[in-house]
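Any read-out appearing in this document is the output of simple, stated calculations on the displayed coordinates, not a laboratory observation. Only a predicted model underlies this, so the values are computations on that prediction, with no experimental measurement involved. Because the Cβ atoms are built from the backbone with ideal geometry, glycine has one as well, and the counts that use them run over all protein chains shown.
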Amino acid sequence: MIIVMQAGASEPQIQRVVARLTELGYEHHISYGVEHTLIGAVGAPEGEKEALAGQLSLLPGVERVVPILRPYKLVSREHATEPSVVRIGKAPFGRGQVSIIAGPCAIESEKQILEAAKAVKAAGGAVLRGGAYKPRTSPYTFQGMGEPGLQLLSAAREATGLPILTEVTDVRQLEEVTRVADSVQIGARNMQNYDLLRECGQISKPVVLKRGFAATVQEWLRAAEYIAAAGNLDIILCERGIRTFETETRFTLDLGGLAAAKLETHLPIIADPSHATGTHKLVPAMALAALAAGADGLMIEMHPHPDRALSDGPQSLTPKRLKTLMDQIRPLVAALGLELISPESG
Ligand code: PEP
Ligand code: MN
């Protein structure tokens with residue numbers, strides 16, 4: 001880190017910083033400038049840097065302390081300069097390969113999830129999504145079918161061959177969910193549930209980490225670092241909209257944030273235009289925009305009968321609308337020089 005001294009900081013103030021660094025056993029280099037003196041501190045262990053920066057910033061004559069390395073390591077491009085490919089079942093995300101995840105917000109019945117799975121496959125989707133444990137804003141709304149829902153999702157995989165993705169809302173569900181699902185989703189509301197992140201770092205299935213709707217890109221990447229640091233680098237990030245002052249849409253799909261995050265991390269990043277917009281009418285526009293902005297895939301809510309959905313019906317595409325959107329996605333992906341992977345393409 002670099003300690004920037006205030007303009008005109010005195011020599012005793014500079015020496016006080018140096019003495020503190022020496023006391024802690026760190027090397028230092030002083031660079032006297034015309035206005036500002038800079039002190040480079042070398043050798044502080046990763047886990048101590050943040051606290052040390054806070055302490056040093058309080059010493060007299062210190063203007064600010066600037067970290068050199070990113071606060072996340074394993075997920076950063078400093079760790080792996082090439083983009084990573086993460087697979088859910090056989091569906092690849094990243095390094096020019098685009099896969100589409102689709103399915104209902106929640107698993108509601110055998111008939112519903114089977115119908116949905118067949119429609120996802122017919123449209124060219126590569127992964128089937130469906131929530132058995134739903135993190136709902138109100139405790140009085142449908143909370144998901146729980147374990148029986150997982151069994152139905154698994155049956156839909158049997159019927160179609162599509163790999164399945166489902167959400168965990170609590171560490172206590174993790175064992176049962178990982179036994180069944182091909183991939184585990186951490187929802188926006190749990191992005192900073194650090195116990196859950198750490199536990200997901202111990203599983204051998206890919207994790208889709210949605211961005212919290214009040215989280216910065218930096219906080220999102222640090223959340224991913226928790227999973228990586230606990231041993232699992234199979235992480236797909238998902239931009240699903242953030243809270244802004246705008247109320248025309250449910251959230252604001254932050255495509256600038258997605259593009260910025262892609263510069264920082266080697267992990268694949270997908271976008272969820274359904275939760276971001278809250279209406280099926282805006283899903284196609286945002287789906288295409290996200291791919292143009294560099295998304296490595298999409299997560300789209302689709303329900304065989306949105307008018308009967310128990311959750312998120314208004315933002316769910318019908319099977320027909322999903323098919324139409326996929327027909328728009330194909331030429332776009334080709335024009336971008338990417339490859340759209342669907343079950344038929346292998
Ligand atoms: C979902 O994917 O159904 C969901 C609840 O998403 P989010 O966590 O982004 O709100
Ligand atoms: Mn939903």
(request) Report, by chain and number, residues whose modeled amide H sits under 5 Å from the one on Ile270, excluding near sequence neighbours (fewer than 5 apart, same chain). (result) Leu237, Cys238, Glu239, Asp296
(message) Can you give me the angle between helix 255-264 and the longest principal axis of the chain, using Cα atoms only, in degrees from 0 to 90, rounded to the nearest 10?
(response) 60 degrees
(request) Give the angle, between 0 and 90 degrees and rounded to the nearest 10, that separates the Cα long axis of helix 319-335 from the longest principal axis of the Cα atoms of the chain. (result) 50 degrees
(request) Measure out, as a whole number of angstrom, how far apart the alpha-carbon centroids of region 1-77 and region 285-312 sit. (result) 46 Å
(message) I'd like the per residue volume of the convex hull spanned by the Cα atoms of region 230-327, given in cubic angstrom.
(response) 126 Å³
(request) Principal axes first, then extents: for the Cα atoms of region 56-122, list largest minus smallest coordinate on each axis, whole Å, largest first. (result) 69, 29, 13
(message) Kirkwood Rh and Cα-based Rg: tell me the resulting Rg over Rh for region 123-174, rounded to two decimals.
(response) 1.02
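If you filter region 1-53 for GluC sites (Glu not before Pro), then keep DSSP loop positions with at most 16 other Cβ within 10 Å, what is left?
Values: sites: Glu23, Glu27, Glu35, Glu46, Glu48, Glu50; in loops: Glu35.
Taking region 1-53 and a limit of 16 other Cβ atoms within 10 Å, the loop GluC sites (Glu not before Pro) found are Glu35.
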(message) When 1/r is averaged over all different Cα pairs and the result inverted, which Kirkwood radius in Å belongs to region 140-280?
(response) 15.7 Å
(message) For a quick check of your reading of the filter: which trypsin sites (Lys or Arg not before Pro) in region 231-264 sit in a DSSP loop and have no more than 16 other Cβ atoms within 10 Å?
(response) Arg243
(message) Taking just the alpha-carbon atoms of region 46-161, what radius of gyration and Dmax come out, in angstrom?
(response) 22.8, 69
(message) Let's test this: bin the Cα-Cα distances of region 1-71 at 10 Å from zero up to the farthest pair and state each bin's percent.
(response) 21, 60, 18, 1
(request) Return one number: the angle in degrees, 0 to 90 and rounded to the nearest 10, between the long axis of the Cα atoms of helix 283-292 and the longest principal axis of the Cα atoms of the chain. (result) 50 degrees
(message) Using C-alpha positions alone, give me the convex hull volume of the chain per residue in cubic angstrom.
(response) 155 Å³
(message) Output needed: percent of Cα pairs per 10 Å distance bin for region 154-195, bins running from 0 to the one holding the longest distance.
(response) 28, 49, 20, 4
(request) For region 58-66, just list the computed ³J(HN,Hα) in residue order, Karplus coefficients 6.51, -1.76 and 1.60, θ = phi - 60°, integers in Hz, with x standing in for Gly and Pro. (result) 8, 6, x, x, 8, 8, 7, 10, 10
(message) Name the residue from Leu24, His36, Val85 whose Cα lies farthest towards the positive end of the charge dipole of the chain, charges +1 on Cβ of Lys and Arg and -1 on Cβ of Asp and Glu.
(response) Val85
(request) Arrange the peptides 305-311, 206-212 so that the one whose residues have, on average, the most other Cβ atoms within 10 Å appears first. (result) 206-212, 305-311
